[in-house]
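Written out below as structure tokens is the structure these notes cover.
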Amino acid sequence: MIHVGIVGFDTSHVVEFTKRINHINIEQEQWVEGARIVAGFPGTSKITDDETLAKYTETLAGYGVEVVDTPEDLLGKIDAVMVEFQSGIVHLEYARPFLEAGVPTFVDKPFTCSVAEARQLAELAEANNVPLFSSSSLRYALEIQQLQAEKEQTGRVIGAMAYSPAKLHSQNPGLFHYGIHAVETLYALMGPGCERVWCVYEDDAEVVVGRWADERIGSIRGTRGGPHAYGFTAWCEKEVRAHSINASYIYRELLKKVVGMFESGVAPLDIEETVEIVAFIEAAAKSAQNSGQVTPLFD
């Protein structure tokens, strides 16, 4: 049984993930096998208020999770770690000691809020031969998995559009805060290889179009006004598929991948794709600031 630690309690994910991994207060069909969350460091937050953070901490303590005073106190108690702070700005700081100690690490979305810091994390993992993984749970939505499983029937995805809410927060600039769900969905469908993007930005919504190296085009719509939903349209070689995403099982499906990495020592997603997602979002912000100018992902 893998003993897992959590760093950062300022998100509802810590409660929902613990329910599924530790099999507490949730129906059996949501259970994820192979690990137990045993300890965690709550930390502080510039996103979540103190009262909510205290509530999440109290809930995890009630689930039997040991609450420690510093992240380093987790070392020696755990086999793997999940960095759960909502702000991507602090992820390099909090993931670094675990990667340097050889602890398999999952970093919740957003991986980081800059390509430079994403590269540092990837290099740390490589230097210490440690599996490192980051993803939005939307990547593993059942509707996406079904499309991937039916590739022989549909053919290759030649273009896609994904959508999600895209509320904003200064601690996760631009699409890093919530629009990352649409970007991750797009990458799950298209794969890596985007070279440049351009963004049309308004207060209530933004649309980002990306051009891939093989001349495919993919886009995302992030919504801030009107009704919100998750979904995608995929233009495949043999047919078009359009799906709303049912979010009921996305945490379970993500956690299967996370625990699978902790057990096998092999990340389920190339970290270079995650770095590219950070670059996509960073380039989209630059394009928005420059009236939709076409912007390369990497200079």
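The values are calculated or read from the model by the stated rules, or taken from the named source; none is laboratory data. Note that the coordinates shown come from a computational prediction; the quantities given were computed from them, not determined experimentally. Counting neighbours? That spans all protein chains shown, and the Cβs are built from the backbone with ideal geometry, glycine included.
The single residue among Val38, Val32 that is in contact with a His (Cβ under 8 Å, 6 or more places away or on another chain), surrounded by 15 or more Cβ atoms within 10 Å (Cβ to Cβ) and farther than 24 Å from Ile180 by Cα turns out to be Val38.
Filter region 247-263 for residues that are of a type in the set (Gly, Ala, Ser) and in contact (Cβ under 8 Å) with a residue 40 or more places away in the chain; which is nearest to Tyr187 (Cα to Cα)? In this case the residue turns out to be Ala247. On inspection, Arg139 does not qualify as more than 17 Å from the chain's Cα centre (by Cα), surrounded by 14 or more Cβ atoms within 10 Å (Cβ to Cβ) and basic (Lys, Arg). Determine whether region 113-124 contains at least one residue that is without any contact (Cβ under 8 Å) to a residue 24 or more places away in the chain and either at negative phi or crowded, with 20+ Cβ neighbours inside 10 Å (or both). There is at least one residue in region 113-124 that is without any contact (Cβ under 8 Å) to a residue 24 or more places away in the chain and either at negative phi or crowded, with 20+ Cβ neighbours inside 10 Å (or both). Elements of the type helices (runs of 4 or more DSSP H) sitting completely within region 46-151 and holding at least 1 residues that are out of contact with any Phe, Trp or Tyr (no Cβ under 6 Å at 6 or more places or on another chain) and of a type in the set (Val, Ile, Thr): these cover 50-62, 115-127, 142-149.
Selection over region 44-75 of residues that are surrounded by 18 or more Cβ atoms within 10 Å (Cβ to Cβ) and closer than 18 Å to Glu16 by Cβ gives a count of 8. Restricted to region 17-45, and to residues there that are acidic (Asp, Glu) and part of a loop (DSSP other than H, G, I, E, B), the residue that is farthest from Met82 (Cα to Cα) is Glu27.
With respect to Lys46, is the statement that it is without any contact (Cβ under 8 Å) to a residue 60 or more places away in the chain and charged (D, E, K, R) true? For Lys46, the condition - without any contact (Cβ under 8 Å) to a residue 60 or more places away in the chain and charged (D, E, K, R) - is not met. Close contacts from region 214-226, counting a first residue that is within 12 Å of Val157 (Cα to Cα) and a second that is not basic (Lys, Arg), with Cβ to Cβ under 6 Å and a gap of 6+ residues or different chains, come to Arg216/Ile158; Arg216/Gly159; Ile217/Gly159; Gly218/Ala160; Gly218/Leu186; Gly218/Met190; Gly218/Gly210. Can you pull out the residues in region 142-177 that are surrounded by 15 or more Cβ atoms within 10 Å (Cβ to Cβ) and either polar (S, T, N, Q) or not assigned by TED's automatic domain parsing to the domain that holds Phe232 (or both)? Thr154, Ser164, Gln171, Asn172, listed by residue number. Tell me, yes or no, whether region 59-71 has at least one residue that is over 16 Å from the mean Cα position of the chain (by Cα) and closer than 27 Å to Thr185 by Cα. No, every residue in region 59-71 fails to be over 16 Å from the mean Cα position of the chain (by Cα) and closer than 27 Å to Thr185 by Cα. Just to be sure, is Glu239 crowded, with 23+ Cβ neighbours inside 10 Å, in contact with a helix residue (DSSP H, G or I) (Cβ under 9 Å, 6 or more places away or on another chain) and among the acidic types (Asp, Glu)? Judged against the criteria, Glu239 is not a match.
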